[in-house]
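> Encoded as structure tokens, here's the structure I'll be asking about.
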Amino acid sequence: MNPPESASSPVRPAALQGLFRGELEELVAGAGEKRFRAAQLFGWMHARHVACEGDAMPNVPKALVASLAAAGWTATPLALAAESPAAEGGTRKLLFRLVDGESVETVLLPGAEGKCTVCVSTQAGCRMGCAFCATGKSGFARSLSAGEIVSQVLAAAKVLGGRIDHVVLMGMGEPFDNYDASLRAVRLMNCPEGLGIGARKITISTCGIVPGIERLAGEGMQVELAVSLHAATPEKRATLMPVERRWGMDGLLAACEAYTAKTKRLVTFEYTLVAGLNDTAEDADTLAKKLSFPCKVNLIPLSPVEGFAGERPDDAACEKFLARLVRRGMKATLRRSRGRALDAACGQLRRRLRAARPAAAGSEK
Ligand code: SAH
Ligand code: SF4
């Protein structure tokens, strides 16, 4: 009853949610149970959203659950540790405790007509160290397993009564620093007998890890790719994002252009606006010149973060930057105020909780 290699996690017990139905069948058969139990288990976890502490799966024999537990598996890899009150627009942030005491944030973003987007974390912390990011500042603990990633969506589906329309891998962590687990989680979310979320409704956001972009281009998946750019020149980008020194902007943009040529899907560039730092008319002009291939730009006003001196530009400056890009023929959008009141930048709830309750933070660094 060994776990499939690709679903394995250094942490035990490992999440059963990280297994596809066929893999679950092998596991169940190895435990001496009938294979149809796997469909029951998969259904409870992925369609009926059993993902939190205290959940039960009535028609699954207790002996099977006990024997899976003895082999190092759990159906409850997440426990809700904290929840922020709903902010403007209904946005809510959940903090989940993982089995080893680490914690991650998941954000629920209700949209129009009852639609809902869930923003999930792929790592507890992040090793990319972006200057303006609360997660980057809180250090790195470990990567999440596929089961821990997909369980955040399952837990959100449970909280929301099943209405999940979009998933964005834009929470804590860098998906391409945890490529295999992130992609496995996306494929699990895709399963028609589970959540059934279409690939086009799933967005992966990367800080620009070029080999990850190249790999994704070869996956034959219809997922949306977002790339965090945040500056129009390599020099300025390097002051905000250490990753620029490893995979420079020119190579990054070439990889994005090749991705679009191969997949016929447009890349969205995320650009966090910081007052006086990257929001000038010259920045907009240089950005429009650099992004000379078909793509989209999503402008995000900075959410102020402790330990980063930058400030959010005022609304007029943001609108001006947007208009200048649009005038130059760019497909660009501006994220207006939603979530600002909620510490919208991921990593802040976890950081605050750790500061307030160090004893409860388990093995977090
Ligand atoms: N690691 C991935 C995905 C997680 S970060 C990435 O960097 O793309 C998700 C997005 O939030 C990124 O575009 C990131 O730059 C942005 N972000 C982080 N901190 C922010 C802040 N304080 N204000 C606004 N956007 C922020
Ligand atoms: Fe990591 Fe993304 Fe934050 Fe950079 S912005 S530190 S890559 S989570």
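The values are calculated or read from the model by the stated rules, or taken from the named source; none is laboratory data. The model shown is predicted, which means the values in this text are computed figures rather than measured ones. We place every Cβ from the backbone using ideal geometry, glycine too, and count neighbours over all the protein chains shown.
> I want to confirm something. Restricting to the stretch 229-279 and keeping residues that are within 15 Å of ligand 2 (Cβ to nearest atom) and of a type in the set (F, W, Y), which single residue is surrounded by the most Cβ atoms within 10 Å (Cβ to Cβ)?
Y271
> Against the definition (in the same structural domain as A332 (by TED's automatic domain parsing), away from ligand 2 (no atom under 16 Å from the Cβ) and either over 20 Å from the mean Cα position of the chain (by Cα) or not in a loop (DSSP other than H, G, I, E, B) (or both)), how does A226 come out, yes or no?
Details: in the same structural domain as A332 (by TED's automatic domain parsing): yes; away from ligand 2 (no atom under 16 Å from the Cβ): no; either over 20 Å from the mean Cα position of the chain (by Cα) or not in a loop (DSSP other than H, G, I, E, B) (or both): yes.
No: the conditions fail for A226.
> Return yes when G147 is on the phi > 0 side of the Ramachandran plot and either more than 15 Å from ligand 1 (Cβ to nearest atom) or modelled with pLDDT under 95 (or both) and no when it is not. Walk me through it before giving the result.
On the way: on the phi > 0 side of the Ramachandran plot: no; either more than 15 Å from ligand 1 (Cβ to nearest atom) or modelled with pLDDT under 95 (or both): yes.
For G147, the condition - on the phi > 0 side of the Ramachandran plot and either more than 15 Å from ligand 1 (Cβ to nearest atom) or modelled with pLDDT under 95 (or both) - is not met.
> Provide a single number: the residues in the stretch 161-175 that are among the hydrophobic types (A, V, I, L, M, F, W, C) and near ligand 2 (Cβ under 10 Å from one of its atoms). Please lay out each step first, then the result.
Pass one, the stretch 161-175, residues among the hydrophobic types (A, V, I, L, M, F, W, C): 164, 167-170, 172.
With near ligand 2 (Cβ under 10 Å from one of its atoms) added as a condition, the list becomes 170, 172.
Looking only at that region, the number is 2.
> Continuing with this model, one more query. Among the residues of the stretch 123-151, how many are near ligand 2 (Cβ under 9 Å from one of its atoms) and among the β-branched types (V, I, T)?
The number of residues fulfilling the criteria is 1.
> A further question on this structure: Here's a check for you: in the stretch 53-86, which residue that is among the aliphatic types (A, V, I, L, M) and in a strand (DSSP E or B) is surrounded by the most Cβ atoms within 10 Å (Cβ to Cβ)? Spell out how you get there, then give the answer.
First pass over the stretch 53-86, keeping only residues among the aliphatic types (A, V, I, L, M): 56-57, 60, 63-66, 68-71, 75, 78-82, 86.
With the extra rule that they be in a strand (DSSP E or B), the set shrinks to 78-82.
Details: L78: 25, A79: 16, L80: 16, A81: 18, A82: 18.
Per the stated criteria, the residue is L78.
> Looking only at the stretch 80-137, filter to residues that are among the acidic types (D, E) and closer than 26 Å to E311 by Cα; which one of those is nearest to ligand 1 (Cβ to nearest atom)? First the steps, then the outcome.
Let us first name the residues in the stretch 80-137 that are among the acidic types (D, E), namely 83, 88, 100, 102, 105, 113.
Remaining after also requiring closer than 26 Å to E311 by Cα: 88, 105.
Numbers: E88: 16, E105: 11 Å.
Among residues in the stretch 80-137 that are among the acidic types (D, E) and closer than 26 Å to E311 by Cα, the one nearest to ligand 1 (Cβ to nearest atom) is E105.
> Also, I was wondering about something else. For the stretch 176-189, does any single residue satisfy the condition of being within 12 Å of ligand 2 (Cβ to nearest atom), crowded, with 21+ Cβ neighbours inside 10 Å and farther than 16 Å from R21 by Cβ? Show your work before the answer.
Kept after step one, since they are within 12 Å of ligand 2 (Cβ to nearest atom), are these residues of the stretch 176-189: 176-178.
Checking which are crowded, with 21+ Cβ neighbours inside 10 Å leaves us with 176, 178.
Next, only the ones that are farther than 16 Å from R21 by Cβ stay: 176, 178.
Yes, some residue in the stretch 176-189 is within 12 Å of ligand 2 (Cβ to nearest atom), crowded, with 21+ Cβ neighbours inside 10 Å and farther than 16 Å from R21 by Cβ.
> Which one of these is in the same structural domain as L273 (by TED's automatic domain parsing), over 30 Å from F36 (Cα atoms) and in a loop (DSSP other than H, G, I, E, B): G89, G136, G101?
Working: G89 fails: in a loop (DSSP other than H, G, I, E, B); G136 fails: in a loop (DSSP other than H, G, I, E, B).
Of G89, G136, G101, the one residue that is in the same structural domain as L273 (by TED's automatic domain parsing), over 30 Å from F36 (Cα atoms) and in a loop (DSSP other than H, G, I, E, B) is G101.
> List the number of the failed condition for R127; all other conditions in (1) charged (D, E, K, R); (2) buried (at least 24 other Cβ atoms within 10 Å of the Cβ); (3) part of a loop (DSSP other than H, G, I, E, B) hold.
It fails just one condition, (2).
Condition check ((1) part of a helix (DSSP H, G or I); (2) under 24 Å from G171 (Cβ atoms)) across all residues:
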residue	(1), (2)
L216	yes, yes
G220	no, no
A232	no, no
E235	yes, no
T260	yes, no
E270	no, yes
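> Now for a different question. For L154, work out the one condition from (1) crowded, with 24+ Cβ neighbours inside 10 Å; (2) within 14 Å of ligand 2 (Cβ to nearest atom) it doesn't fulfil.
(2)
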